[in-house]
Ligand SMILES: [Zn+2]
């Protein structure tokens, strides 16, 4: 069994399966490899069960084939594929229709939808709550949903268009509030709360589902 061994001053052995279903072993500096592997052996049932459940949870990258589901505003919609027309992606409210394409088509469709749906909300919250920003840039980034620079330029990850609108609002308001508080202080969270009293549910949704938005 493959594992990553991390030795430290600790007194006990511990096992962890990370999000990639890899085994991480933490061990005291001087403990012998034989003892460590004995321990792994004893816990093999637990390891197997745990890593199986993690790899099941790990979403497979889409192949852009018929029937695969894609997120939009928090719901999943099936894909219909045809190869007759010119490249492109369209959505009729129930089904995504893809002509000869894949990831590229989804990225540009998501970006255009984000512009149409999310950017007016940024303006709305800025105007109604006297929060200001300079420029907005749309990007895709692995772990970042948004950021706000020292001169209040806001970056937003347009893959958020796969999330429920309340989650999009949360990220927008979060970044706008950074135009007032350049930190995550109590006052910062209070300001968000005064605008979006249910923001914690959105924050949790992102933590639990963020990886699904990235799965293209
Ligand atoms: Zn922040």
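Take the residues in the range 155-170 that are in contact with a strand residue (DSSP E or B) (Cβ under 9 Å, 6 or more places away or on another chain) and within 14 Å of the ligand (Cβ to nearest atom); name whichever of them is nearest to residue 75 (Cα to Cα). Selected residue: 157.
So if I check each of 180, 151, 136, 173, which one is over 30 Å from residue 79 (Cα atoms) and loosely packed, with under 12 Cβ neighbours inside 10 Å? It is 151. Would you say residue 182 is in a loop (DSSP other than H, G, I, E, B) and within 16 Å of the ligand (Cβ to nearest atom)? Yes: the conditions hold for residue 182. Looking only at residues in the range 24-59 that are part of a strand (DSSP E or B) and in contact with a strand residue (DSSP E or B) (Cβ under 6 Å, 6 or more places away or on another chain), the one that is surrounded by the fewest Cβ atoms within 10 Å (Cβ to Cβ) is 24.
Any read-out appearing in this document is the output of simple, stated calculations on the displayed coordinates, not a laboratory observation. Computed from a prediction, not measured in an experiment: that's the story for all the values here. Don't worry about glycine lacking a Cβ; one is built from the backbone with ideal geometry, like all the others, and counts go over all protein chains shown.
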